[in-house]
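Right, one structure below, let's go through it.
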Amino acid sequence: MKIALGQINPTVGDFAGNAAKIIEFSRRAQADGAGLILFPELSVCGYPPRDLVERSSFVQHNRESAEHIAAETLGIAVICGLVTPAQAQSGKSVMNSAALLKDGRVAFLQSKMLLPTYDVFDEMRNFAPGKSQLLFPFCGKQMALTICEDAWNDKHFWNKRLYTFDPVEALVTAGGNFLLNISASPFWLGKRELRRDMLATIARSYKVPVAMVNQVGGNDSLVFDGSSLVFNPAGEVIAQGKSFEEDIIYFDSDRLTGEMHSQIEGEEASAYSALVLGTRDYVRKCGFTKVIVGLSGGIDSALTAAIATDALGPENVIGVGMPGPYSSTGSIDDARALAQNLGICFELLCIGDIFESYKKTLAKVFAGRKEDETEENIQSRARGMLLMALSNKFGAIVLSTGNKSELGVGYCTLYGDMAGGLAIISDVPKTMVYRLSHYVNSRHPVIPQSSLEKPPSAELRPGQMDSDTLPPYEILDAILEDYVEESHTADQIATDRGFDVSLVRRVIRMVERSEYKRQQAAPGLKISEKAFGYGRRFPIAAKSDV
């Protein structure tokens, strides 16, 4: 039988829109001769729904949408993800389920058994686990239907497993000879390769074909890459979907042949594509059409503006230069040149008078005290105020421009450069900012060369350089990677990297002291295995053991 994978981009809570996508893709697949089409995890309601599942109206709309999809897809079998009522004694109201819709009704239902509670996942909070799993016959096969995490506990692949039970092993032992997996597996650099290797191992170990359809698109901080895959029993890929865009992929369940759609390769290209997709979906799914970016002439704001332009089109991006008393002429020129190269609107708003007005107002209270970071932060906050005023007036969302390195050590100003509705590059270390900027220019040179070459500076005091406060970014990023993403100790980092342990401890103390800033930051787009945000939960009021 010809089977299709419907790799769609759902929106959480958009039942009408999600159902329309599922129906459209199903009819396309039926017209192309497919007898079955698979859609991602919770595709009816969108993933992750979080506490929305506690609303009875949400669950009701979810059920009604599934019934509507079943009625509108006669002639083709449809597997889609949805929430279903849980047993009262479970303490939860719903389960994360997959339904086989056939002949206008729900012909088979399977609920997710393994509910992840690590990193960005907290499914035990919202769902009751499935108690058992069954096979269902289809096109001469005994189909083993699993939902995302249910396939992530293979003893042949993981050295350390998170769960004692393996749904895949149980289903194959019961006679399953074709594994189906519907997923909402978020992207991070290296995730596609990990996912591919894991599923290939399952196919080889159990000698069964494996088909996985994955969600695509951005929902809040998460970006889903799609990259759906089908494997033969030898673990060879026989069909694959595109990365970072909607797609429909066909394969033959008997001959085990299928379509191979090209995927984006390379770390820079993958990271950039994820950021563009995440930006586009966050802005549009939140109901905005235009964005505002403060342009300093530096590399961070340049990369942010380039991503925004690719995501939304130049006509929907407003660049704002806000020179202060210590801004160089070159920085203003670079900001203007960037805007011209991108084809975006550019506004120039000087903050000199605002800064002087603030200082005059505070002069009596500050009498006898030297100027310090206070005055530097006033400049940053004046810029943040202007950006938010433009946001209010024009109904455009502000994109903050801070990178992961700065956010990690608190080299940023609350209510200043941190102001905004989305922090596009908050999971991009400074060294990768340069790599991505070079990647952008390799496609079409838009970022001024001087922005790439000049030493990083906030330009908040005469002759200021980032290196006055921070170690070189190559060293800082290495320490942050080891500490934030790998949870290594200061001594371990110093020994492994050959760094001075006192420097490592200083950086770690900066990380710990800045937790209060990060918890007030705009949401960012996750592209690393461990990003700041709700996937990294640390207390603010705590004593560091560094």
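Observations, loosely collected:
- Matching residues, region 320-334, being assigned to a helix (DSSP H, G or I) and either of a type in the set (S, T, N, Q) or touching a His at 6+ places or on another chain (Cβ under 9 Å) (or both): 329, 331
- Candidates 143, 124: the one that is without any contact (Cβ under 8 Å) to a residue 24 or more places away in the chain and not in a loop (DSSP other than H, G, I, E, B) is 124.
- Residue selected from region 470-492 under the condition of a type in the set (Ser, Thr, Tyr) and surrounded by 13 or more Cβ atoms within 10 Å (Cβ to Cβ), by the criterion nearest to residue 434 (Cα to Cα): 473
- Taking the listed residues 50, 28, the one that is on the phi > 0 side of the Ramachandran plot and of a type in the set (Lys, Arg) is 50, with no other qualifying.
- Taken together, 29, 71 contain a single residue that is exposed (fewer than 15 other Cβ atoms within 10 Å of the Cβ) and modelled with pLDDT of 95 or more, which is 71.
- Residue list for region 459-498, filter: of a type in the set (A, V, I, L, M, F, W, C), in contact with an Asp or Glu (Cβ under 7 Å, 6 or more places away or on another chain) and closer than 27 Å to residue 383 by Cα: 460
- Any hit, region 25-46, residues being in a loop (DSSP other than H, G, I, E, B) and either outside the structural domain of residue 226 (by TED's automatic domain parsing) or over 23 Å from residue 214 (Cα atoms) (or both): no
- Flag if residue 134 is in a loop (DSSP other than H, G, I, E, B), of a type outside the set (Ser, Thr, Tyr) and modelled with pLDDT of 95 or more: yes
- Applying the criterion of being assigned to a loop (DSSP other than H, G, I, E, B) and of a type outside the set (D, E, K, R) to the residues of region 492-516, the residue that is nearest to residue 408 (Cα to Cα) is 514.
- Candidates 158, 152, filtered to the one that is surrounded by fewer than 19 Cβ atoms within 10 Å (Cβ to Cβ), touching a Phe, Trp or Tyr at 6+ places or on another chain (Cβ under 9 Å) and not hydroxyl-bearing (Ser, Thr, Tyr): 158
- For region 294-340, a tally of residues being aromatic (Phe, Trp, Tyr) and modelled with pLDDT of 95 or more returns 0.
Yes or no, residue by residue, for (1) in contact with a strand residue (DSSP E or B) (Cβ under 6 Å, 6 or more places away or on another chain); (2) of a type in the set (Phe, Trp, Tyr); (3) in a helix (DSSP H, G or I):
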residue: 302; (1), (2), (3): no, no, yes
residue: 318; (1), (2), (3): yes, no, no
residue: 347; (1), (2), (3): yes, no, no
residue: 353; (1), (2), (3): no, no, yes
residue: 370; (1), (2), (3): no, no, no
residue: 375; (1), (2), (3): no, no, yes
residue: 381; (1), (2), (3): no, no, yes
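- In region 245-272, the qualifying residues are those that are of a type in the set (Gly, Ala, Ser) and free of Cβ contacts under 8 Å to residues at least 40 places away in the same chain, and the one that is farthest from residue 425 (Cα to Cα) is 258.
- Summed over region 446-463, residues that are among the aliphatic types (A, V, I, L, M) and surrounded by fewer than 19 Cβ atoms within 10 Å (Cβ to Cβ) total 1.
- Residue check, residue 404 within 35 Å of the chain's Cα centre (by Cα), among the charged types (D, E, K, R) and loosely packed, with under 15 Cβ neighbours inside 10 Å: no
The values are calculated or read from the model by the stated rules, or taken from the named source; none is laboratory data. Note that the coordinates shown come from a computational prediction; the quantities given were computed from them, not determined experimentally. FYI the Cβ positions are ideal-geometry reconstructions off the backbone, even for glycines, and counts take in every protein chain you see.
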